[in-house]
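Shown next, in C-alpha cells, is the structure this report addresses.
The values are calculated or read from the model by the stated rules, or taken from the named source; none is laboratory data. Just so we're clear, the structure is a prediction, and the values are computed from it rather than from any experiment. We place every Cβ from the backbone using ideal geometry, glycine too, and count neighbours over all the protein chains shown.
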Amino acid sequence: MTTSIYCLLALLISLTLVVIRVIFCVPFCRLQDVSPVLDKPLSVLILLGSGGHTGEMLNILSQLDHKFKYSFIVQSNDESSVLRLEKSQVKGTVYTVPRARNVGDGLLRSIQGTLKCWLGTMKVLVFDKKWKEGNIPSVLLVNGPGSCVPLAYSIVVLNILGLASARIIYMESLTRVNELSLSGKLLYLVADRFVVQWPELAQKYRRTEYHGILV
Amino acid sequence: MKSVLVTGGATVTFVALLQLTLNEKFISALKKNNFDKLVVQYGTQPTGESLFLSLINKLTDEDYKKSQLGQLYNIKLKDGFLIQGLSFDTDFVKNYTSKVDLVISHGGTGSILDTLRAGKKLVVVVNDTLADNHQLELTEKFAEREVLGYCRKNTVEELIDQVNQAESREFKRLAPSKGRIIQDVILNNIIKP
C-alpha cells in the first residue's frame, strides 16, 4: 500500500517537473521572451529547402549585415540550393543530410526516406564534431519547406532535454497572403518569433508579427 | 524608342502569354500607345522557341527558322516595329527589365518584385495552368495596393485594356524590402509589434 503511494507521488513529482520544463522551453507556454546570450558571434542554423524557399531565404540573408555564424542544412539531392548559396554573398558551413523523398516515391518509401533524413539531421545536430567546436546554434531560422517541421520539433525536444538551447524563428513566404502554410500552422505554437509578410495574416494570427515585405 | 517587355518565367513556356502578345491586334494596340519595340522572353524549354517562331511567322512574310539556342532574335516588321525574342538571360533585370517602359509578366513572385523594384509599370497575366494558384492570390494582393495591373480573364481585349490603363495612370511605388528587420528579430532587439 505505502509503496504504491510513494510510486504515485514519485510519478506526480516527475510529471510536474516535465510540465515545468516544457513550460520553460516551448515558446507558446512561456511567460516572457528570452534573450539570446551575446558573448560570442551568434550561431544561426538555416534549413535550405526547395527552389522558392531557398530563393527567399538567400534574398533575406543577403540583406543582413551583422556578423552571424551561419550553418546550413541541405538535403543530398538539392544541388541547386547549394549552387545558389555559393553564388550568393552569404557564407557558412554546409551540412548535407540524406534526402527525404524523391518525386514519385510511394508512401512506404517516403516514410523511410523522411526517417533517414531526420536521423541524418539528428546526427549532425548532436554528434557532429564541427558542431561541438562552437557551432551550436542559438537560433534556428526557417521559412517553410516541409522538411523544416521535423527539424524544428527536434530542436524543441532537444531544448526540453537540455541538449540544445535554440530559439526558433519562422518566416512565412510572401506567397502566403490569406492563410498560413501547412508548415507555418504546424510550427505556429513552437516558434519563438513568427514573421509574416502581409498585414492581413498578422491580424488573423495573434502570435505573428508583420514588419513589411522582407524579400 | 518606347518598349514593352513580355516575360513568362525562366524555364516553362507560358503558352497563353505568348499567344496574347504576339498577334496583330495586340501589336497595333501597342502602336496606338506609341510603343515601337516588343521584347519577348519565352523560356528555355525548346517548345518556347518554336512557339515564338510560329507566332512570328504569322506576323511577317520573311521565314524565320530556329538557329542556335541562346541567341537574340531581331525581327523588324514592315512598318518598322521591332520585335526581339530571347530564351533567358542570367542578368535579365539589368539587361532587359530596367531598359523598357512597361513589363507584361506572369505572376511569379521574383518577376513581380524585380519589375516593381526596378520602378517599371507592370501588367500581370496570371498563369492559370499552374497547379498551385498562389500566383493569383499574390497578384490580387499587389493589385489591391495599386502597385500593378492584372488580367482576370486572359483575353487579348482585356490585356489591351490593362495596357491602356497602365499607360494613363500612375501606380503606387512598392516599399523597399524590409528583410534587414530579421537581424533585429534574431538579436531580439525589437519587440513583437
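General observations
- Considering the stretch A:79-107, and only residues there that are crowded, with 21+ Cβ neighbours inside 10 Å and in contact with a Ser or Thr (Cβ under 7 Å, 6 or more places away or on another chain), the residue that is nearest to the other protein chains (Cβ to nearest Cβ) turns out to be A:Ser81.
- Restricted to strands (runs of 3 or more DSSP E) entirely inside the stretch B:1-86, those with at least 2 residues that are without any contact (Cβ under 8 Å) to a residue 24 or more places away in the chain are B:73-76.
- Yes/no for B:Asp132 being modelled with pLDDT under 90, more than 13 Å from the chain's Cα centre (by Cα) and under 14 Å from B:Leu17 (Cβ atoms): no
- For the stretch B:80-131, a residue qualifies if it is surrounded by fewer than 16 Cβ atoms within 10 Å (Cβ to Cβ) and touching a Cys at 6+ places or on another chain (Cβ under 9 Å), but none of them does.
- Only helices (runs of 4 or more DSSP H) whose full extent lies in the stretch A:1-110 are considered here, and the ones with at least 2 residues that are assigned by TED's automatic domain parsing to the domain that holds A:Val149 are A:51-61, A:79-87.
- Test for B:Glu157: is it in a loop (DSSP other than H, G, I, E, B), free of Cβ contacts under 8 Å to residues at least 60 places away in the same chain and away from every other protein chain (no Cβ under 14 Å): no
- Residues located in the stretch A:190-206, provided they are more than 8 Å from chain B (Cβ to nearest Cβ), over 17 Å from B:Asp184 (Cβ atoms) and either within 19 Å of the chain's Cα centre (by Cα) or in a loop (DSSP other than H, G, I, E, B) (or both): A:Val190, A:Tyr205, A:Arg206
- Meets criteria (hydroxyl-bearing (Ser, Thr, Tyr), within 14 Å of chain B (Cβ to nearest Cβ) and within 29 Å of B:Leu138 (Cβ to Cβ)) for A:Tyr153: no
- Residues in the stretch A:156-193 that are without any contact (Cβ under 8 Å) to a residue 60 or more places away in the chain and touching a Pro at 6+ places or on another chain (Cβ under 8 Å) were compared, and the one that is surrounded by the most Cβ atoms within 10 Å (Cβ to Cβ) is A:Ser183.
- Some residue of the stretch B:164-185 being hydroxyl-bearing (Ser, Thr, Tyr) and more than 14 Å from every other protein chain (Cβ to nearest Cβ): yes
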